[in-house]
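Q: Below you will find the structure I want to go over with you.
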Amino acid sequence: MDRECVSLLPSVCEVLADSGRSLPDDTSLEKLLDWFTGLTKAGGSLLEACPCLPEFISTVVHNTASDPGVLSFALKVTGLMAATEDGFKRLQESSVLDLVFNLHHWQEAGLWEDPCLRIGWIQGLKNLLQHPEALSFFVQSDFIEPLLQLQTDTSLFVASAANQMLAHILLFFQPVSPAGCNGVDKKEEDAGMTRASIAAITTETSTEYTAVVSAVSKYLKESVVPTENPQLHQRLQALRLLALLLAQAGPPLRVRLLQTVADSLEELVTAGHSQLTLPLMDVILAAHSSSSADEHVPDRLVTTRLLSSMLNINKPSDLIRAAAAVLHRGHHDTDHTARAVKILLLPLDIITSQTLLGTNTSGKTHTDIHRKKRTRKLFSILRKDKYVLVSAADRHRVSLVEHLKSKNSCISMICVCLTNTPQITLTPSAVLPCPPPLIVTAVLSLLRICSGVSSSSPTGCSEVCRNVIGSGKVQKCALEALTALSSSPGAEDRISDVFTVVIQYLDNPDSDPTVLHKSYQVLLKWKSVCTDLSCITDQLRQDLAEVVRKRVCDMRWEVRDSTVEFLGRLKSAEETSDASEALLAGCCTSPLLTEALQDTESYVRASAVTALAKTLAHSWQQGAAVTQEETEIVTRLIEILSQDTEGFARRAVVQYFIAWFSTHSSHSPPLSPSSSSSSSTSLLMQCVRSVLSQGSSDLDWEVKVHTLELAELLLDQAFSGHQGYRKSSDTLQASPHPYGAASDQAYTLHTHTGAHTEGAESNLTGALNSLVKQGVISALLSGLFDCDRPVGLKACRLLITLRETVCPLSLRATVASVSCELPSWGWGQEIRKTLGMKESDWAMAAQREADGGVMDILTASAAHSRPDTQPGQEVIVDCY
């Protein structure tokens, strides 16, 4: 903690303790709390570093008129101070702890109803519960009961904090397990504690800890399946806590928790509450993953039985979600994973008629034909309401078909299945019931059905097929799955089919903008795995060129934007390939993108600028002669930067020149503004000064930051190879705050000698003159006093880099100077005038802001104390 900031803390505490004052927002308190937290985690003592805090806390908690945010802050800080045994004892001796965390005190004052205070109470206790004495204090104060009640608080933030708090107590103070068991060593490392201290906790607090475990176990058992007034929120909170505990608990605690709640979990599985399926699966999978691999161990038997029950529940929608949870967990239980895969593939198997189950070979087989006949027979039985004995698999298939006939259920289940298909194809071959390419074929079949092109399902499934026709949600999920499936084993065998289906979607007038955008993404992804160009036929190439020309003129700006973006990515230097050239061989990309620069929508104009930068990068790398087309493009870009009313396009223009300059810097010799060649180099350097001038005076802060990035590239090039020069990204030391005072005089940059040779001095002076002519120095000095903090910080860092290059501390004698006029900027003067601050006071306040929330609090206080302060002026200095 900086000495200057510590010296200001008494004043800050005085402001915070004054109930008549309020802060503009709570971010300053959060900054201050982060500051204290960092000091504590670094091993420092908050009491020794900030001796004014105890008095501040005592003052605040005695004043019931204090702002709830300040009270919550005081509770959290108290916990931080008591996180060490020494700090805990000193606060307990002064009775601060008893007062701060006294529930009755806050309830009688009518402040407990404020969720801000309840969160402060919870997090304050969590902060101090880091040693045995703290646990004893917690148990002896009977805090466990109110903490359990807060699990179902009306505020979700409070309930979540209480949930995390209980987990912290049970996990942090649990008995030491043998080394290497269930990540106990990792938790000790995370807590920054030695094994000796853990052992001390176990010995001294075993009674208190046992009491907490008993109370929490009883609460969980009763909350999972409450006997009276069952509330969904209460069950959800209990399951979340249980999942958190079982995932991280060592064997003793995990076994005890499972023994306590096993019956309740069994009852919950049997009850089949759809809303609890996923949290229940989280609990079961957490317990199953952390339990012993020995199938005969009691806790393993319990979790295996629960997991098997969940993968055999009757309601198809819940069953599919349970199967998806198994797959997402990355479970390595072969039997359960295989079961989950079959459950997830069954809806696709039904709706597409692809043989996804029961065979591991492609094509129509006798088994496939038999399965279809069996399915039709089951539908017939179902329609005639006949009683017949069928297998469990058949019953499940019939039940699933019935649910798929409901449109909402159908779309929901199909989307869950599609989302999981990429992961399914990556499971071991022993688990997969079919080859991965067949899953790709099934997704393509589904896309054809959705667009109404075909319906290849059995007669009995026609009703199901109607539910997905025209469904944008299913189309989007299928296209997302198709994008991910490009990396599945054997996917390259389906490239031709993928291109055909996707181009049909791009050409379909009924495709909505998002579907078209995802179709472009599929093309780009599958293009990257295309090694056999023979699959890109002339007809396919022609169809794509036609649809791109059509979509770039679409009435919907989102479609035009997606098309322009696609062209840029397809032709970019980073992603270009033989497949890219083959796909768009018949399409003239640059004219389409140039035309898009005139688009009425700013997003499209911005995308066109970005796309042009990507498509022209190849010629930049080659150092090709400038073309008339490139000259016209640059002229139009300069117009956009100076005239466009939207920031998106102007940002893209500056980034265009950044990309151009970066490409030249890495492939060409140093650039010179006096270059007279006809290459794109001379054109670029002719534009740099204009870009820097316009970009640094832009109203959009992101444009200004990008402009400074361009200035940084020019700095790097100018001083490339100069001894002692380091890029600004390498100089991360603290820098003066950018909101410094500005004068209206011209600035003079001096070069120093000493160890400099005459040649080095001349080179340095030449580099500085070049930077001045290009407008780099003016851009940096303008950015230094900008009212947007990111701009000021960036400019400040670059100027420090420049200073350290031309004025190293080891050199003193001044031999040369380069002058640079700084445009008149009145922002700093306006602020000083508003707050009535002298230049020295302003510099000090700027340094406070750089250190954290101490400038915000004191500046707000100063603004409030001025009778002539207008609303909003109190935060003018913090306008970022």
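The values are calculated or read from the model by the stated rules, or taken from the named source; none is laboratory data. The structure displayed is predicted, hence computed values, not measured ones. Ideal geometry is used to build each Cβ from the backbone, glycine not excepted, and the neighbour counts take in all protein chains shown. These area figures cover heavy atoms from the full protein model, side chains too; ligands, DNA and RNA do not enter into them. Shrake-Rupley method; radii C 1.70, N 1.55, O 1.52, S 1.80 Å.
Q: When all protein chains stay in place, what accessible area (Å², nearest 10, 1.4 Å probe) is found for Cys52?
A: 30
Q: With point charges of +1 on the Cβ of Lys and Arg and -1 on the Cβ of Asp and Glu, referenced to the Cα centre of the range 89-171, which listed residue (Phe138, Leu97, Leu128) lies farthest in the positive direction of the dipole?
A: Among Phe138, Leu97, Leu128, the one farthest towards the positive end of the dipole of the range 89-171 is Leu128.
Q: Give the ranking of His105, His131, His273 by solvent-accessible surface, highest area first, calculated with a 1.4 Å probe.
A: Details: His105 40, His131 5, His273 80 Å².
Most to least solvent-accessible, the answer reads His273, His105, His131.
Q: Still on this structure: Going by accessible area, probe 1.4 Å, with all protein chains left in place, what is the ranking of Ser94, Ser488, Ser308, largest first?
A: Reading off the accessible areas and sorting them downward yields Ser94, Ser308, Ser488.
Q: At a probe radius of 1.4 Å, what is the per-residue accessible area of Asp507, in Å² to the nearest 10?
A: Its heavy atoms expose roughly 80 Å² to the probe.
Q: When all protein chains stay in place, what accessible area (Å², nearest 10, 1.4 Å probe) is found for Phe137?
A: About 10 Å², rounded to the nearest 10.
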